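Following: one structure in structure tokens, then a few remarks.
The values are calculated or read from the model by the stated rules, or taken from the named source; none is laboratory data. Please read all numbers here as calculations on a predicted model, not as lab measurements. Cβ atoms come from the backbone with ideal geometry, glycine included; neighbour counts cover every protein chain shown.
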Amino acid sequence: MNVSSRETASLARRRLLGGLGGLVLGAALPRVASSAPRSSISVGFTPAFVHDQHALLGDWRRHMERTLGLHVEIKQRDSYRETMDLLRLKQLDFAWVCDYPFLMLKDLVRLLAVPVYKGQPLYRSYIIVPAGNRGLHVESIKDLKNSVFAYADPLSNTGYLYPRYAIQQMGEDPRDFFRKTFFTWSHKKVVEAVALGIAQGGAVDSYVWESLEQIDPALTRRTRIVERSPEYGFPPFVAHRDTPPGLFEQVRGFLLGMHLDPVGVDLLKRLNLDGFVKGDVRLYDGVARMMHAFGEA
């Protein structure tokens, strides 16, 4: 395999979050009183849909500071590995990570909250191809053998783990199934690579592709979805294991209460999300099974 080394307001939403039947285990007030003996926290973001939305991250930080009464430092990195390293070095208190790294870090982090997308804390992997290749009869990943394929990140479930697992389940070796593979280091860039014909196929986060479909339909219409994976637990917010319990509950309360105040609702709308729930680690059992198939869990 040739792999190169570079590259979320409406009433309906409120009603939805009120009726998620056991997933919302307690609504928080918009304002959470600070009881933690801390003056600041650090929050990490990996390269997903918000990767190039610096204004949104700035607004997110200011809303957290006003609500929590703490200084908030946002640390955004260009790969999942860099954010994982910051957690390992105790340079992050909280982070929004992929489900795959979450399980890799299970002894170092705690599940804080899970985003709700289209009514569920779930998402998929999409296998996409250029829209103009219908004559090539590509209808699933199996038809992409010996092609050029774009992965998102080596620590991405939807952008790397799932497609390799799908290939393995066909009795093929993912290391030499494709003629050439490369990493784009962002799901949006996978869509761009396929749309431009740089890759004959790619694996992308369904949330990212569908969000791009709303804001940049000219891009997504140049691609075609040929395969949808099973549903997996949405990439979660996590807290470092050393985060004090009071601070953990304070930040969890902020996330669970975002849909209750106008600023939070606006941020959720811009993120194309419904809100956050506490979630459960069992949401990620499907990812754990795929990791086990590669000797990683």
>> What pairs come out if I take residues in the stretch 209-230 that are at pLDDT 95 or above and surrounded by 15 or more Cβ atoms within 10 Å (Cβ to Cβ) and pair them with residues that are outside any helix (DSSP H, G or I) and of a type in the set (K, R) whose C-beta lies under 7 Å away, six or more apart or interchain?
In response: S229/R124
>> Only one of L260, L196 is surrounded by fewer than 17 Cβ atoms within 10 Å (Cβ to Cβ), over 27 Å from M104 (Cα atoms) and not assigned by TED's automatic domain parsing to the domain that holds Y160. Can you tell me which?
In response: L260
> Consider R179 against the criteria (1) under 16 Å from N146 (Cα atoms); (2) in contact with a helix residue (DSSP H, G or I) (Cβ under 9 Å, 6 or more places away or on another chain); (3) surrounded by fewer than 21 Cβ atoms within 10 Å (Cβ to Cβ): it satisfies all of them except one. Which criterion is unmet?
Replying inline: (2)
> Is there a residue in the stretch 137-152 that is under 30 Å from P244 (Cβ atoms) and among the β-branched types (V, I, T)?
Replying inline: no
> Conditions: (1) among the aliphatic types (A, V, I, L, M); (2) touching a Pro at 6+ places or on another chain (Cβ under 9 Å); (3) farther than 24 Å from G233 by Cβ. V114 meets all but one. Number of the miss?
Replying inline: (3)
> Only one residue in A150, A203, A113 is in the same structural domain as R270 (by TED's automatic domain parsing), among the small types (G, A, S), in a strand (DSSP E or B) and touching a helix residue (DSSP H, G or I) at 6+ places or on another chain (Cβ under 8 Å), so which one is that?
Replying inline: A113
>> Take the conditions surrounded by fewer than 18 Cβ atoms within 10 Å (Cβ to Cβ) and within 19 Å of the chain's Cα centre (by Cα) and apply them to R282. Does it pass?
In response: yes
>> Every residue in the stretch 266-289 that is assigned to a helix (DSSP H, G or I) and out of contact with any Ser or Thr (no Cβ under 8 Å at 6 or more places or on another chain), please.
In response: D266, V281, R282, L283, Y284, D285, G286, V287, A288, R289
> Do we find a residue being in a loop (DSSP other than H, G, I, E, B), at pLDDT 95 or above and among the acidic types (D, E) anywhere in the stretch 75-82?
Replying inline: no
>> Scan the stretch 114-133 and tell me whether some residue there is surrounded by 19 or more Cβ atoms within 10 Å (Cβ to Cβ) and more than 30 Å from I167 (Cβ to Cβ).
In response: yes
> Is one or more of the residues making up the stretch 138-154 in contact with a Ser or Thr (Cβ under 8 Å, 6 or more places away or on another chain) and more than 14 Å from G201 (Cα to Cα)?
Replying inline: yes
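Quick grid of which residues meet (1) among the charged types (D, E, K, R); (2) over 27 Å from S39 (Cβ atoms):
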{"site": "F248", "(1), (2)": "no, no"}
{"site": "G264", "(1), (2)": "no, no"}
{"site": "L267", "(1), (2)": "no, no"}
{"site": "R270", "(1), (2)": "yes, yes"}
{"site": "D280", "(1), (2)": "yes, yes"}
{"site": "G286", "(1), (2)": "no, yes"}
{"site": "M290", "(1), (2)": "no, yes"}
{"site": "G295", "(1), (2)": "no, yes"}
> Just to be sure, is R252 within 20 Å of L57 (Cβ to Cβ) and not hydrophobic (A, V, I, L, M, F, W, C)?
Replying inline: yes
